[in-house]
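Q: Next up is a structure, given as C-alpha cells.
The values are calculated or read from the model by the stated rules, or taken from the named source; none is laboratory data. Values in this document were obtained by computation on a predicted structure and should not be read as measured data. For neighbour counting, all protein chains shown are included, and Cβ atoms are generated from backbone atoms with ideal geometry for every residue, glycine included.
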Amino acid sequence: MVLGLITAFVTAICYGVASVLQALAARRTEVGGAVDPRVLVRMVKQLPYLIGLGLDGLGFSVSLVAMALLPLFLVEAVIASSIGITAVLAVRFLDIVLSRLEKSAVVALIIGLALLALSASPEDPQPLTDSGKVVLGVGFLLVLAFAGVVAKFGGQQIGILLAVGAGLGFSGLGVAARTLVIPDDWWRVVFEINFYAIILYGLLAMLLFTTALQRARVTSVMAVTFGLETILPAAIGVAFLGDHARSGLVWAAVLGFVLAVISILVLARAQPEE
C-alpha cells in the first residue's frame, strides 16, 4: 500500500514537471496541422521536450508499480495531482498567473486526494477476459477516429478537444497497464495484447497531448487530460476490475473523488491572465 502511494506520487511529480517542459518546447515549435505526427519530430529537437519525455518514461514505469498494488481510481487520482504541480510551475516558468479560483481548486484537489488515499484498499490486478481485450482494441480505434474528427472539425476549441482525445488515450493505457499480467518468463509479455495496447494508446495519447499544448493553456490541457484519465479508468476499475474502498470509508472515497473531479473541471474551465 505504502509503496503504491509513493510510486503514484513520484509519477505525479514526473508528469507535472514534464508537462511544463513540454509546454515550453511547444511554444518554441512551429505549429503544423491539427493532428500532425511530424510535430513530435520537430519537438524532439527541443531539449526541454526530450527531458520531459524522459520524465514521462520514468513516471510511466513507476506508475506500473502503483497500478499493480492499488485500485485504479486511487492511482489515477493521485497522478491527477500533477495538475497542481504543473499549475505551480507554470507560474514560475510560463508566466501564467493563477486566479483565486484556480488556487482554491488546487487546495481542494489535494484534500480530495488525501481522502482517496485514506479510503483505498489494495487490490491484486485482474487479467482482462477475451471480450475485454476486444473492447480494449475497439477503444483504441474509437479514440483514433475521434482524433480524426477533431482534426477536421475542431474549430476554436481544438486544443481542448485534443486534450479530451489525449485523456481517452491515457485512460485506455491505464486500463491496459492495470490488467497486464507479467508471465514468469517475462519476455513472453510480447504475446500479450495489453502490451501492444499500452504502446499504441501511449503513442496516440502523447501525440494528441503534445499537439494540444500548442493550442491551449498547459493548465487547461493538463486538467482535461488527467481529469478524463482519472474518471474513466476509475469507473472501469470499480465496475469491472473489482476495485473498492475500505469498509466504512466509502463516504471518504466518494467525497474525495467528487472533490478531485470538481477541482479538475474548475482548472479546465478557468481562464487565468498571463
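Q: Across region 49-80, what is the number of residues that are in a helix (DSSP H, G or I) and within 23 Å of THR211 (Cβ to Cβ)?
A: So in region 49-80, the residues in a helix (DSSP H, G or I) come out as 49-69, 72-79.
Subsequent filtering for residues that are within 23 Å of THR211 (Cβ to Cβ) retains 49-60, 63, 76, 79.
Result for region 49-80: 15.
Q: Follow-up. Would you mention how many residues in region 74-92 are surrounded by fewer than 24 Cβ atoms within 10 Å (Cβ to Cβ) and over 16 Å from MET222 (Cα atoms)?
A: Count: 1.
Q: Against the condition in contact (Cβ under 8 Å) with a residue 60 or more places away in the chain, over 28 Å from ILE6 (Cα atoms) and not in a helix (DSSP H, G or I), how does ILE158 come out, does it pass? Full working, then the answer.
A: Values: in contact (Cβ under 8 Å) with a residue 60 or more places away in the chain: yes; over 28 Å from ILE6 (Cα atoms): yes; not in a helix (DSSP H, G or I): no.
In short, no.
Q: Filter region 194-213 down to the residues that are touching a Gly at 6+ places or on another chain (Cβ under 7 Å) and aliphatic (A, V, I, L, M), then identify the one that is nearest to ALA239 (Cα to Cα). Spell out how you get there, then give the answer.
A: Here is the first cut: in region 194-213, the ones touching a Gly at 6+ places or on another chain (Cβ under 7 Å) are 197, 201, 204-205, 208, 212.
Among the residues that remain, those that are also aliphatic (A, V, I, L, M) are: 197, 204-205, 208, 212.
On the way: ALA197: 20, LEU204: 25, ALA205: 24, LEU208: 27, ALA212: 30 Å.
Once the filter is applied, the top-ranked residue is ALA197.
Q: Here is a further query. Quick test for you: out of LEU180, LEU228, LEU232, pick the one residue that is in contact with a helix residue (DSSP H, G or I) (Cβ under 9 Å, 6 or more places away or on another chain), part of a loop (DSSP other than H, G, I, E, B), at pLDDT below 90 and more than 14 Å from ASP56 (Cβ to Cβ).
A: LEU180
Q: Here's something else I'd like to know. Name every residue in region 214-223 that is closer than 9 Å to LEU162 by Cβ and assigned to a helix (DSSP H, G or I), in order of residue number.
A: The answer is VAL221, and nothing else.
Q: Exactly one condition in (1) closer than 27 Å to TYR49 by Cα; (2) surrounded by fewer than 19 Cβ atoms within 10 Å (Cβ to Cβ) is not met by TYR201; state its number.
A: Of everything listed in (1) closer than 27 Å to TYR49 by Cα; (2) surrounded by fewer than 19 Cβ atoms within 10 Å (Cβ to Cβ), TYR201 misses just condition (2).
Q: Can you confirm whether region 73-90 contains a residue that is touching a helix residue (DSSP H, G or I) at 6+ places or on another chain (Cβ under 8 Å), polar (S, T, N, Q) and closer than 26 Å to LEU200 by Cβ?
A: Looking through region 73-90, at least one residue is touching a helix residue (DSSP H, G or I) at 6+ places or on another chain (Cβ under 8 Å), polar (S, T, N, Q) and closer than 26 Å to LEU200 by Cβ.
Q: Looking for something in contact (Cβ under 8 Å) with a residue 12 or more places away in the chain, farther than 20 Å from VAL106 by Cα, β-branched (Val, Ile, Thr) and touching a helix residue (DSSP H, G or I) at 6+ places or on another chain (Cβ under 6 Å) - is there at least one such residue anywhere in region 242-263?
A: No, every residue in region 242-263 fails to be in contact (Cβ under 8 Å) with a residue 12 or more places away in the chain, farther than 20 Å from VAL106 by Cα, β-branched (Val, Ile, Thr) and touching a helix residue (DSSP H, G or I) at 6+ places or on another chain (Cβ under 6 Å).
Q: Given the structure, is GLY52 buried (at least 16 other Cβ atoms within 10 Å of the Cβ), more than 25 Å from ALA239 (Cα to Cα) and either among the hydroxyl-bearing types (Ser, Thr, Tyr) or free of Cβ contacts under 8 Å to residues at least 60 places away in the same chain (or both)?
A: Yes, satisfied.
Q: Within region 118-139, can one find any residue that is at pLDDT below 80 and part of a helix (DSSP H, G or I)?
A: Checked against the condition, which is being at pLDDT below 80 and part of a helix (DSSP H, G or I), region 118-139 yields at least one hit.
Q: How many residues does region 242-272 contain that are surrounded by 19 or more Cβ atoms within 10 Å (Cβ to Cβ), assigned to a loop (DSSP other than H, G, I, E, B) and either acidic (Asp, Glu) or at pLDDT 75 or above (or both)?
A: 1
Q: Can you name the residue in region 133-192 that is surrounded by 15 or more Cβ atoms within 10 Å (Cβ to Cβ) and among the aromatic types (Phe, Trp, Tyr) and is also farthest from LEU213 (Cα to Cα) among such residues?
A: PHE140
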